[in-house]
Amino acid sequence: MTVSDAPPIVSTRFGLDDGHTLERYLETGGYKGLEAALAKAPTAVGDEVKAASLLGRGGAGFPAGTKWGFCPPGVWPRYLVVNGDESEPGTYKDRLLMEKDPHQLIEGVLIACYAIGAAQAFLYVRGEMALAQERIAQALNDAYAAGYIGKGILGSDLSVDVVLHWGAGAYIVGEETALIESLEGNRGMPRLKPPFFPAAKGLYLQPTVVNNVETLANLPWIMRNGGAKFAELGAETSRGMRLFAVSGHVQNPGVFEVEFGVTTFRDVIYAPEYGGGIREGHELKAYIPGGASAPWFYEEHLDLPLEAGAVGAAGSMLGSGAIVVMDDSTDAVKACWRVVRFFARESCGKCTPCREGTSWLEKVLRRILDGHGRPDDVALLLDVCDNISPGISWPPKQTTICPLGPSAVSPIASAVVRFKDEFIAYCGGTATSPVAINGKAYIPQAAEVAGV
């Protein structure tokens, strides 16, 4: 195992009791990145971010600088929306950024507003994150009082207002168009894309850039040190550092900032500086590499780098930066049910395959766990999965507007392929019982399901 000696970028104040205060933030270089940005033209700030090759840290991994450039020229007003509705099971890195270093996020917001020409930003924070809301609210008040937000910021022509918006605890609003719907006062449900993407017609049908909390938190460092310096860190296709939340059956669960694309799953799970290995007396059974919607990985995947391309080629995704570890005491069927139950409860109901299919999956799994499983229930699970996401392949094919429906398919496909005997045993069969879909033997290809 190797641990990079690259210095952290966004987590430098995590160990400070008062890192969330304006006084400590200014003492540790706060708002110097904003000063550096204001000394450049807005287009130069965007070019610096492009030079950094900063990928979005919310799950999709789209280049931030390129995304900013999608706003149609000459169309005003335009908005910046910060996606702080972190709600993927196992993910809690953005919550720590908002709680422990809110001014870093606010500074990143101001830099992005300057680059894209937005005079108003909306900070959308998940409803259950009470401490994050309080810390951000106080930070906004202090920043306004000190002249870092408002009119003529730092004596420049930049004027920005930042609005803090509390969500209502709906997982679906983590999807950017559903978040925009919620901001507008509507029920949080995703919009069809195309015809309109947020950069063209987003909030109030005006050009809108939606960025993740961690993405924006990187901007002050990039402005202080330069995009080229940022691009020296990490792998060729994954520059910089990235936060990963490690939870489950490890000795030392927590949030760790590691060199992106260089660090491996083995490093972040087993290194003493990070996860510290599997809890005593147990061995690894499986782990979820990128939040609950990601197909599961196993022992043979441990040496894969934390890099989107490598993980995608192996049949899963880095997603939201959440690694959930399951040891050999884990009941795969129960673990599968718990994940599917979450997605069934959080479906917004807009798309029939998701609304109906995820609930059916939950009911069948619950029936199996309660000891009432039928011989053909495993095949039934796969049949429903196939109707939600045809072919049960990866990347998933969708019959829904957003990926929530296929997200419920991932744990079932992963668990059934790897731990078929556990499912069949619950149903009163044997490990040699056939698994069929639509009356035919179901034998997934190696790269098609869960990276097996």
Between Gly248 and residues 5 or more places away or on another chain, which pairs have amide H atoms under 5 Å apart, with H built 1.01 Å from N, and which residues are they?
-> Val325
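Just want to confirm a number: the relative contact order over the chain, from Cα pairs under 8 angstrom separated by 6+ residues, in percent.
Working: 953 pairs, mean separation 69.8, N = 452.
Once normalised by length, the contact order is 15 percent.
If you take every DSSP beta bridge fully contained in the chain, what fraction is antiparallel? Give it as a percent rounded to 5.
Values: 19 of 40 bridges.
Once the DSSP bridges in the chain are tallied, antiparallel ones form about 50 percent.
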So how tilted is helix 42-52 from the main axis of the chain? Cα-based, degrees 0 to 90, rounded to 10.
-> 40
How much of the accessible area of the chain, probe 1.4 Å, is carbon plus sulfur, in whole percent?
-> 53
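In the structure shown, do any of Lys67/Lys100; Lys193/Lys350; Lys193/Lys363; Lys67/Lys151 have a Cα-Cα gap over 24 Å, and if so which? Working shown, then result.
Working: Lys67/Lys100 27 Å; Lys193/Lys350 14 Å; Lys193/Lys363 31 Å; Lys67/Lys151 26 Å.
Those over the limit are Lys67/Lys100; Lys193/Lys363; Lys67/Lys151.
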Bridge type composition, segment 82-206 - antiparallel percent by DSSP, nearest 5 = 10
Cα→Cβ-extended label distance, 7 Å offset, between Gln138 and Arg224, nm | 2.2
Cα-based helix-to-principal-axis angle, 377-388 vs the chain, degrees rounded to 10 = 40
Once you put a point 7 Å from the Cα of Glu128 and another 7 Å from the Cα of Trp76, both along the Cβ direction, what distance in nm separates them?
-> 4.2
Mind checking Rg over Rh on segment 126-223, alpha carbons, Kirkwood formula for Rh?
-> 1.00
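Can you tell me the relative contact order of segment 1-70? Whole percent, Cα pairs under 8 Å, sequence separation 6 or more. Spell out each step's value before the answer.
Numbers: 26 pairs, mean separation 11.1, N = 70.
It rounds to 16 percent for segment 1-70.
Provide the gained length on full extension for the span Ala145 to Leu192, in nm with one decimal, where the gain is 0.36 nm per separating residue minus the Cα-Cα distance.
Contour length minus Cα-Cα distance gives 12.9 nm.
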What nm value, rounded to one decimal, do you get for the distance between Tyr204 and Thr399 when each label is placed 7 Å out toward the C-beta?
-> 4.0
Over segment 323-417, give the accessible area per residue in Å² for a 1.4 Å probe, as an integer.
-> 39
Using r as the Cβ-Cβ distance of Asp328 and Glu236, and R0 as 41 Å, what FRET efficiency do you calculate, to the nearest 0.05?
-> 0.70
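The values are calculated or read from the model by the stated rules, or taken from the named source; none is laboratory data. Since we're looking at a predicted model, the values are computed, not measured. Backbone-built Cβ (ideal geometry, glycine too); neighbour counts: all protein chains shown. When the accessible area is computed, the model is the full protein with side chains, heavy atoms only, and any ligands, DNA or RNA have been set aside. Shrake-Rupley method; radii C 1.70, N 1.55, O 1.52, S 1.80 Å.
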